[in-house]
């Protein structure tokens with residue numbers, strides 16, 4: 001069960017908690033964080049799915065300038081201060097020194113490798129991205145920033161063209177196969193070529209050179225590391241999407257739409273939602289970093305180490321967010337909200353520090369909940385489906401976390417309520433901390449040294465648990481097959497039989513029972529050895545049984 005439980009996406013429960021808090025505390029329901037269809041305000045996610053709230057924005061996207069490859073490549077490279085040119089020059093020097101890393105192959109490029117500088121997110125994809133058009137950002141500048149440029153083997157870059165990395169990796173095996181077929185054809189042709197005259201020898205040498213290049217191309221394509229390539233794609237998309245989100249969601253265009261769509265008018269609501277967006281930005285960045293942190297702490301997981309790591313991560317995120325939203329924070333009400341947020345974040349970091357110190361106490365006080373959760377995972381008394389079982393475990397731990405940590409969090413966040421929008425900030429901070437403690441407890445349950453002892457003890461008590469589960473699965477599949485076989489071969493329907501048995505049991509006398517049986521026999525076309533209602537026929541049949 002432990003192995004199965006580790007495969008459950010525990011962070012999704014935290015996601016639901018935080019997004020719900022953002023929607024309720026700051027009135028951000030209209031942002032549609034869950035990519036719901038529709039809405040009165042254009043959002044980046046909806047635009048990318050072809051869903052537009054504004055006909056004007058839809059028309060502006062449809063009438064966008066056609067994609068011009070030269071504009072994104074050659075014309076941009078000609079610019080004196082182009083990042084593309086500088087990156088290419090720096091990578092050339094690194095390659096000559098034998099220090100250039102090719103992230104697509106997860107290897108160091110050889111000094112003699114033919115090198116190309118690739119746009120990780122293709123220039124064409126960026127140009128045609130509805131999110132970019134909605135945010136009114138320059139596609140050429142976005143495509144040619146350093147985070148989107150990657151030196152790789154020429155064969156890889158040129159075989160990709162304008163396709164995305166996911167699409168390229170999907171077609172790569174077929175691409176290699178086609179090149180290998182072509183190579184085999186060249187080799188077969190070379191083997192039968194005459195070399196008697198200088199012209200024939202020259203033609204053979206040309207084909208040999210073509211074969212050599214084809215072999216190099218195949219070797220380069222086979223050296224692609226799909227996981228490393230996807231990771232590089234992710235690293236390029238994170239800053240790309242952040243820039244688009246920041247530009248659009250802090251733009252006057254977005255807030256004008258919001259003002260029209262919002263049920264509450266005025267600056268007060270707009271400011272509340274703006275603060276919510278800042279909190280949302282913090283959450284989105286934390287969400288991206290959570291998997292790495294959890295993976296790093298998996299071995300001998302400790303709740304104190306986890307909370308310390310979360311505190312340090314959030315401090316780094318907050319420094320970056322202050323730079324992104326500095327205009328809003330400093331201009332509104334003479335910087336009053338910068339002070340409020342400063343107090344809020346200081347308080348939040350203190351909460352994390354206190355939680356880290358209280359980790360042992362929290363585990364001690366939640367021991368009953370942890371025991372209940374372990375027993376639920378092991379025995380599953382209500383036979384819940386796996387997803388429902390994991391949700392039930394999270395519910396047990398979240399109630400415990402809210403009970404134990406709630407008082408401490410409330411006490412520290414209470415002073416915030418004296419500020420404008422302080423109660424909303426306190427509510428969000430409380431949800432975030434409680435959610436992170438719950439996530440930490442989930443991982444404590446699976447990966448801590450103490451939990452390892454529990455799981456080892458359970459395995460010792462139940463050495464054949466996996467075999468039992470296997471036979472249970474086989475038994476369930478056999479039941480399903482036999483039910484289906486009976487339905488097909490014997491014209492049996494379990495639901496119909498159950499309904500018939502219920503009707504039979506509800507009959508009050510023999511007459512009703514006889515009529516019901518007669519009706520069912522006729523419906524199923526059953527042949528009886530006697531005639532119903534004919535006593536002579538019935539006696540004759542009974543007598544035949546005695547012989």
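In the stretch 93-100 there is no residue that is at pLDDT 90 or above and closer than 19 Å to residue 218 by Cβ. Within the stretch 298-307, the set of residues being at pLDDT 75 or above and surrounded by 18 or more Cβ atoms within 10 Å (Cβ to Cβ) comprises 301, 302, 306, 307.
Considering the conditions (1) part of a helix (DSSP H, G or I); (2) exposed (fewer than 12 other Cβ atoms within 10 Å of the Cβ), residue 183 is excluded by exactly one of them, (2). Scanning the stretch 55-66 for residues that are in contact with a helix residue (DSSP H, G or I) (Cβ under 8 Å, 6 or more places away or on another chain) and buried (at least 16 other Cβ atoms within 10 Å of the Cβ), we see that the one that is modelled with the highest pLDDT is 61. Summed over the stretch 210-224, the residues that are surrounded by fewer than 16 Cβ atoms within 10 Å (Cβ to Cβ) and either closer than 21 Å to residue 169 by Cβ or assigned by TED's automatic domain parsing to the domain that holds residue 115 (or both) give a count of 4. Filtered by the rule that a residue be at pLDDT 70 or above and out of contact with any helix residue (DSSP H, G or I) (no Cβ under 8 Å at 6 or more places or on another chain), the stretch 253-283 gives a lone residue, 253.
For the stretch 221-236, check the following and say yes or no: at least one residue is closer than 30 Å to residue 189 by Cα, at pLDDT 65 or above, assigned to a helix (DSSP H, G or I) and in contact with a strand residue (DSSP E or B) (Cβ under 9 Å, 6 or more places away or on another chain). The answer is yes; a qualifying residue exists.
For every residue, the table says whether it meets (1) buried (at least 20 other Cβ atoms within 10 Å of the Cβ); (2) over 28 Å from residue 71 (Cα atoms); (3) without any contact (Cβ under 8 Å) to a residue 60 or more places away in the chain.
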{"site": "90", "(1), (2), (3)": "no, no, yes"}
{"site": "94", "(1), (2), (3)": "no, no, yes"}
{"site": "100", "(1), (2), (3)": "yes, no, yes"}
{"site": "134", "(1), (2), (3)": "yes, no, no"}
{"site": "152", "(1), (2), (3)": "yes, no, yes"}
{"site": "155", "(1), (2), (3)": "yes, no, no"}
{"site": "158", "(1), (2), (3)": "no, no, yes"}
{"site": "161", "(1), (2), (3)": "no, no, yes"}
{"site": "164", "(1), (2), (3)": "no, no, no"}
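In contact with a helix residue (DSSP H, G or I) (Cβ under 8 Å, 6 or more places away or on another chain), at pLDDT below 95 and assigned to a helix (DSSP H, G or I), is that true of residue 84? For residue 84, the condition - in contact with a helix residue (DSSP H, G or I) (Cβ under 8 Å, 6 or more places away or on another chain), at pLDDT below 95 and assigned to a helix (DSSP H, G or I) - is met. Reported count of residues in the stretch 499-532, each being exposed (fewer than 10 other Cβ atoms within 10 Å of the Cβ) and modelled with pLDDT under 70, is 4.
The values are calculated or read from the model by the stated rules, or taken from the named source; none is laboratory data. Keep in mind the model is a prediction, meaning the values are calculated, not measured. As a convention, Cβ positions derive from the backbone with ideal geometry for all residues, glycine included, and neighbour counts pool all protein chains shown.
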